[in-house]
Amino acid sequence: MCGIVGYIGKGDAVAIGLDCLKRLEYRGYDSAGIAFFDAEENRVRSAKTLKGVADLGRVIDEKKTSPVAICHTRWATHGGVSEINAHPHGDCHGEIWVAHNGIIENYKELKKWLTARGHTFVSETDTEVVPHLIEEIIKGNKARGGNPSLAHAVREALGQLKGAYGLVIMDKTHPETLIAARNFSPLLLGVTDSGYVVASDATAILKHTNRVIYLDDGDMAVLTGTGHEVYDVGKNLRETTEHTIEWSPEEAEKGGYPHFMLKEIFEEPDALKNAIRGRLVPQEGLAKLGGLADVEERLRNAKRILIVACGTAYYAGKIGEYMLEEYAGIPVEVDVASEFRYRKPVFQEGDVVLAISQSGETADTAGAIREAKEKGVLCVGIVNAVGSTIARETDAGVYAHIGPEISVASTKAFTAQVAILALFAVYIGRMRGMSLATGKRVAEELQKIPELVAHILETQVEHIKEVAEKYREAKNFMFLGRKYNYAVALEGALKLKETAYVHAEGISAGEIKHGPIAMIDKDFPAVVIAPKDSVYEKMAGTIAEVRAREGRVIAIATEGDEALREAADDVFYIPKTLEMLTPILAVIPLQLFAYYAAVLRGHNVDRPRNLAKSVTVE
Ligand code: AGP
């Protein structure tokens, strides 16, 4: 996600802005920029860079002081990684400048409307429509003899934006004013002795103040160096409350969580909302994947999909296999990328390779794509990092839009990948005979998923922590699942291995009687994923098989299933949903179980030994 900083007051806005921006670098970014009012030259100056925040200091005449500045670190979503796409973005005359975090869903329509009115755009971003829209509104207000103020125009512009935004806005003709607006993207006001500092999160401002005013969705704050007004979504001036932050800067980076892994698990409801946002048309049972528009006809005529990925992304791909076969009726093969590229795959007419990667830099996955492209095969991607190697080398794709995943252990990326694969299954399925009713049902259930994940996080965490403590002596675990949750068993085992360094094996539950069950005894517990789905009875049988051999069982069950409370030693409950979507819910307790197991063992949870966040070597 992007980092936003704004400052207005008697202090040195450039120095304060850049200092605060440096503290947001932990969020991950690919470009940065600043805009500030140069009183001597009576204009707004801006600078952008791909070389890191520090580089901005070198391009700015350090002697310049300014009363107002806005700064930004960009995590690319719309538009590749380039200086021209870096924020802040200005209007036609370089007077109104905006830095933005979030996604303007209706930017294409706005850009078309503004272009028709003579506005010229220089970037590929959704953000750039905001300063031009404000410019157009001010021009209209002046022409009608209306209120020419920046605040009035911004409020009107915000009413025309659809999607998520955290915005800071400045204007050469109103250098005494800084405007901040929030809708689904966090933004707070820091109250300092010299003025106000606006930021995406508290990390940025703690060196300057621990006094904050939190903005709510729909709020617009009008700041001057000496005062503030906050208007709510109904345009009413509202009371504000000043809070004191007790966190250290280190704690603030993690949003108050002890580790990025836990923070990212708790981000999953929002991450899922961002991954799904603007991509479903529930009333028509359709998925809208704009990144695939150029290859839509080739996808319509696809005869087979070959999914390639590594690690956690591979497990997401295995879930995608079942989704696409059941809901789109298309044959699917899934391979770990490191096998795919060396096994001389035989391609046929109508093949499509689907690469899944959070980082977009995994060498084996990139290698698999090159192998396929050499053979002329269409390659599409599901990637989080915009502008990454895999994003650029695939012919088309879908971005996850979940912001950077800092912890080595992939959590929010996995659930977002599974959600996007469900979107993909509807997208392909509705081209191939999936009924309107089925498309609507999947769309409706998918839209509920973020809240269902939030419900698990609200109700199960303490119990999961207790169970991790109960099994802290266990040296081996078996994770068992079937069908859609076989891959969840694999993923749950991987989480425990890579964070707690405990041996864990993910096994298809139907396979244990072909050998693995020989390992079960009182010291070899099994985690059994047994939601109320089409294989529930089989999984209940698996639990009985394990218990009959003195094996202890931790079950993942559907809320209300009292039978499993009796049958298993411990149970984590998840809400009911479509079978194809249960992996998104079932994996949450397993992510938390691994996290607490790692914490109990005193490991470096975010940076496990021997591991890298992105495996860019083969
Ligand atoms: C996940 O917890 C692991 N860190 C690892 O398996 C990871 O999923 C794998 O390396 C693939 O990474 P990618 O999604 O960035 O391609």
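The values are calculated or read from the model by the stated rules, or taken from the named source; none is laboratory data. This one's a predicted model, so the numbers in the text were calculated from it and none came from an experiment. Glycine also receives a Cβ, built like all others from the backbone with ideal geometry; neighbour counts cover every protein chain displayed. Accessible surface areas use protein heavy atoms only, side chains included; no ligands, DNA or RNA. Shrake-Rupley method; radii C 1.70, N 1.55, O 1.52, S 1.80 Å.
Points to keep in mind about this one:
- Cα centroid of the stretch 203-244 to Cα centroid of the stretch 1-20, whole Å: 15 Å
- Solvent-accessible area, 1.4 Å probe, carbon plus sulfur percent, for the stretch 458-591: 49 percent
- Cα-based reach from K254 at 18 Å (exclusive), listing lysines while leaving out same-chain residues under 8 positions away: K22, K207, K263, K412, K613
- P(r), alpha carbons of the stretch 45-141 - 10 Å bins starting at zero, rounded %: 15, 46, 29, 9, 0
- Counting only protein heavy atoms and a 1.4 Å probe, the stretch 312-430 has 28 square angstrom of accessible area per residue.
- Among the protein heavy atoms of the stretch 362-444, carbon and sulfur supply 46% of the accessible surface, probe 1.4 Å, non-protein parts ignored.
- Column: log10 I(q)/I(0), Debye, Cα scatterers of the stretch 405-517, q = 0.12, 0.18, 0.19 Å⁻¹: -0.61, -1.13, -1.19
- Relative contact order of the chain, defined on C-alpha pairs under 8 angstrom at six or more residues apart (%): 11 percent
- Count Lys and Arg as plus one, Asp and Glu as minus one, and take only other residues whose Cβ is under 11 Å from that of G350; the net charge is then +2.
- For the chain, with +1 on Lys and Arg beta carbons and -1 on Asp and Glu, the positive-most of V467, Y314, P583 along the dipole: Y314
- Per residue, in Å², the accessible surface of the stretch 8-141 once ligands and nucleic acids are set aside, probe 1.4 Å: 37 Å²
- Cα-centred dipole magnitude for the chain, charges only on beta-carbon of K, R (+1) and D, E (-1), debye, nearest 20: 880 debye
- Count Lys and Arg as plus one, Asp and Glu as minus one, and take only other residues whose Cβ is under 11 Å from that of P175; the net charge is then -2.
- For the stretch 132-214, the share of accessible area belonging to carbon and sulfur comes to 52 percent (1.4 Å probe, ligands and nucleic acids excluded).
- Helix 582-600 axis, angle to the chain major axis (alpha carbon atoms, nearest 10°): 90 degrees
- For V398, the amide hydrogen comes within under 5 Å of the amide hydrogens of G381, I382, V383, counting only partners 5 or more places away or on other chains and with H modelled in the peptide plane.
- Rounded to 5, percent antiparallel among DSSP beta bridges of the chain: 60 percent
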